[in-house]
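The values are calculated or read from the model by the stated rules, or taken from the named source; none is laboratory data. All values reported here derive from a predicted model rather than from experimental measurement. Every residue, glycine as well, gets a Cβ built from its backbone with ideal geometry; the counts of neighbours run over all protein chains shown.
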Amino acid sequence: MIRTASLSRYFGDRPAVVDLNLEVQAGEVLGLLGPNGAGKTTTVRMLAGLLAPTSGEAWVAGHNLRHEPEKVRPKIGIVSENPGFYKRLSVRRNLQFFADLYGVKDSQRVEETLALVGLMGRAEEPVATLSKGLRQRLALARALVHDPPVLLLDEPTSGLDPEAAKEVRDLLSELSRAHRAILLCTHNLAEAERLCQRIAVLKTRLIAVGRPDELKQRLFGRRVVITLAQPLSRPLTKSDLPFVHEISSDGNKVYAAIDDPERNNPVLIRRLVELGAEIVYVTEEERTLEEVYLELVESGDAA
């Protein structure tokens, strides 16, 4: 649904996005992560046809953005961090105005979209009276009123309270199940890990892309944590456990870097018991998306 090939944008001599190659499939939420100034918003604006690329190509819903922009725009719904509305008009009249711009013929579509985002009860209120959370719901309604197959979301939960942010995330989960392709730019790593099937880390250039678990294993490998009833009488070494890559201990915990824990954990446990260890439980160390993100951004190298 979304594909870019060496997509680049420069502002004078300053690169904003360089050689971006990325795909987002129908039914997928792809999280685009990166520090401020990494090129996330520039990428969204290029894909929305609001900013011309300096070089490269992009396809959205089967249409080339450079050559068929008039066919691409109706296929896209976009939510920016600070959406603009006609504040004196009611919620319903705002949404009807944008539905008319998109050429929506179904007279019930506005009502259905208001219901979808939970705004039917506020439909007659002026937008000026809405909280930021409710305005963000209206921004989603505006992005959805013409039923586009592609959504471009730039910090859609920024500044929302936890309850409002959860409501937006729940709605996005529903939308992805409706076979839409969703590109989500966010600084909220917990949100990205909860919503996104894949993560792309951008720092002007694409540093890494993959499922969160793939990126964690690629960067850190897999490490087993064995909790013992009491510390071992002597430190363990790799000679005790030759199939383990790295091993260390801290008090009554033993940390072992090991390939294929599902297959090798029983061997590891047997060997520890032979060495006199009393095992309380065995777990796999959980790395966070924050650790992955910081490692990638700080290194700046493609993974």
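Tabulated values for the structure
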read-out: Thr129 being without any contact (Cβ under 8 Å) to a residue 12 or more places away in the chain, polar (S, T, N, Q) and either within 27 Å of Leu189 (Cβ to Cβ) or in the same structural domain as Arg169 (by TED's automatic domain parsing) (or both); value: yes
read-out: Verdict on Arg211 being among the basic types (Lys, Arg), touching a residue at least 12 places away in the same chain (Cβ under 8 Å) and surrounded by fewer than 19 Cβ atoms within 10 Å (Cβ to Cβ); value: yes
read-out: Some residue of the range 197-211 being more than 20 Å from Gly34 (Cβ to Cβ) and either basic (Lys, Arg) or outside the structural domain of Leu272 (by TED's automatic domain parsing) (or both); value: no
read-out: Residue list for the range 35-47, restricted to those being part of a loop (DSSP other than H, G, I, E, B) and either surrounded by 21 or more Cβ atoms within 10 Å (Cβ to Cβ) or not assigned by TED's automatic domain parsing to the domain that holds Val79 (or both); value: Ala38, Gly39
read-out: Any hit, the range 80-90, residues being over 18 Å from the mean Cα position of the chain (by Cα), in a helix (DSSP H, G or I) and basic (Lys, Arg); value: no
read-out: Hits in the range 208-222 (condition: farther than 14 Å from Leu294 by Cβ and of a type in the set (Phe, Trp, Tyr)); value: none
read-out: Test for Gly221: is it free of Cβ contacts under 8 Å to residues at least 40 places away in the same chain and in contact with a Pro (Cβ under 7 Å, 6 or more places away or on another chain); value: no
read-out: Boolean, Ser239 is more than 23 Å from Ser299 (Cβ to Cβ) and in contact with a helix residue (DSSP H, G or I) (Cβ under 8 Å, 6 or more places away or on another chain); value: no
read-out: Residues within the range 140-165 that are surrounded by 23 or more Cβ atoms within 10 Å (Cβ to Cβ) and among the aliphatic types (A, V, I, L, M), tallied; value: 7
read-out: Strands (runs of 3 or more DSSP E) wholly inside the range 223-300 containing at least 3 residues that are surrounded by 14 or more Cβ atoms within 10 Å (Cβ to Cβ) and among the β-branched types (Val, Ile, Thr); value: 223-228
read-out: Unique match (being surrounded by 21 or more Cβ atoms within 10 Å (Cβ to Cβ), under 26 Å from the mean Cα position of the chain (by Cα) and part of a helix (DSSP H, G or I)) among Leu32, Leu20, Leu114; value: Leu114
read-out: Filter pass, Gly12 being buried (at least 22 other Cβ atoms within 10 Å of the Cβ), farther than 22 Å from His146 by Cβ and not aromatic (Phe, Trp, Tyr); value: no
